[in-house]
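Colleague: Take a look at the following structure, please.
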Amino acid sequence: MNALTLPDIAAQASRQALPLDWVGMCGIALPILIDGHRLAATADAGVSLDDGAARGIHMSRLYLALEMLDQQPLTPALLRNVLQRFLDSHEGLSKNAYLRIHTDLLLKRPALVSPLAGWKSYPVSIEARLQNQMFHVELKIDVTYSSTCPCSAALARQLIQQQFVEDFGNTPLQHEDVLTWLGSANGIVATPHSQRSSAQLLIELDGQQPDLPITALIDDVEAALGTAVQTAVKRADEQAFALANGQNLMFCEDAARRLNLALKRSDAINAFHLKVIHAESLHAHDAVAESRWTRPSA
């Protein structure tokens, strides 16, 4: 007995002829390789349905094309090849292809002073598009840091000065008396407020780049801010972190400008939109600043 041909319902004509911008699947589980790390990820894969008379696309073809991602390191070239396979498998149906990948990059970070180290998680999304034969690749990266308010620091210093005058007045000062006072709770009567803060980066890469410089960009961002949150610490590391905060007082506007200047220096970036959020410890609302930049045409 001959095997029956299985019906292909997707190949049937649509009852309502209408093109669709995006058709595909979201939340596909898969492994990927980034900077030598094998990571669990989810992918959103889709194509445009430009043939409005076609009932649907072949979603299994998109799924099978994603197998390329677990065989080699993730690069712009690999992303483009996957998108091209999406289109090749939907010839006559689709002109544009889309792929979004979501993961958490784990990086082992050393403590500031001690030999300790620990893992930090950085949410990362990679979006690649092949539209009208033009390739685009974007990165979304979240980096957490600490921010100490410059205004609060100035007000705290003023209160400490006032307390110094009250405690010593016109009393002749001895070095050891001042040193003891500075180390006491009675001397340092006020401290500036700090908060955990976040830099949300949307970066358009040069599609000709040989790799995805995710770790390098994270390193540049943390270096520009100077107050990356820590993992495992000893008291010496905590003290060094306090020093880093004191030497890097910043409003959200300061942080946004620092990042703007740092990201412009990367040859891998064509454009970016950054948003910094300082989750205020003084207020019940957040302080936010945003900045955009596009590389000038040659």
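The values are calculated or read from the model by the stated rules, or taken from the named source; none is laboratory data. These numbers come from a predicted model, not from an experiment. All Cβ positions, even for glycine, are placed from backbone atoms using ideal geometry, and neighbour counts span all protein chains on display.
Colleague: Have a look at A289, A244, A199 and point out the one that is farther than 18 Å from E127 by Cβ, of a type outside the set (S, T, Y) and outside any strand (DSSP E or B).
Modeller: Working: A289 fails: outside any strand (DSSP E or B); A199 fails: outside any strand (DSSP E or B).
Unique residue meeting the criteria: A244.
Colleague: Could you list, in sequence order, the residues of the stretch 92-124 that are polar (S, T, N, Q), in contact with a strand residue (DSSP E or B) (Cβ under 6 Å, 6 or more places away or on another chain) and part of a loop (DSSP other than H, G, I, E, B)?
Modeller: S94, N96
Colleague: Among the listed residues D104, D142, which satisfies the condition of being surrounded by 16 or more Cβ atoms within 10 Å (Cβ to Cβ), out of contact with any helix residue (DSSP H, G or I) (no Cβ under 9 Å at 6 or more places or on another chain) and either in the same structural domain as L30 (by TED's automatic domain parsing) or of a type in the set (V, I, T) (or both)? Show your work before the answer.
Modeller: Numbers: D104 fails: surrounded by 16 or more Cβ atoms within 10 Å (Cβ to Cβ).
Within the list D104, D142, the selection yields D142.
Colleague: Let me ask another. Within the stretch 137-177, track down each residue that is at pLDDT 90 or above, out of contact with any strand residue (DSSP E or B) (no Cβ under 6 Å at 6 or more places or on another chain) and either of a type in the set (V, I, T) or under 30 Å from N96 (Cα atoms) (or both).
Modeller: If the condition is that a residue be at pLDDT 90 or above, out of contact with any strand residue (DSSP E or B) (no Cβ under 6 Å at 6 or more places or on another chain) and either of a type in the set (V, I, T) or under 30 Å from N96 (Cα atoms) (or both), then I160, V165 are the ones that fit.
Colleague: Another question about this same structure. Can you name every residue in the stretch 267-286 that is outside any loop (DSSP other than H, G, I, E, B) and not polar (S, T, N, Q)?
Modeller: Once the filter is applied, which keeps residues that are outside any loop (DSSP other than H, G, I, E, B) and not polar (S, T, N, Q), the stretch 267-286 yields I269, A271, F272, H273, L274, K275, V276, I277, H278.
Colleague: Across the stretch 70-101, what is the total count of residues that are free of Cβ contacts under 8 Å to residues at least 12 places away in the same chain and either of a type in the set (D, E) or not assigned by TED's automatic domain parsing to the domain that holds A242 (or both)?
Modeller: Keep residues of the stretch 70-101 that are free of Cβ contacts under 8 Å to residues at least 12 places away in the same chain, which gives 71, 78, 88, 91.
Checking which are either of a type in the set (D, E) or not assigned by TED's automatic domain parsing to the domain that holds A242 (or both) leaves us with 88, 91.
Final tally of qualifying residues: 2.
Colleague: For a quick check of your reading of the model, give me the residue pairs whose first member lies in the stretch 287-298 and is over 30 Å from C149 (Cα atoms), whose second is part of a strand (DSSP E or B), with beta-carbon atoms closer than 6 Å and at least 6 apart or on different chains.
Modeller: Pairs found: R295/N270.
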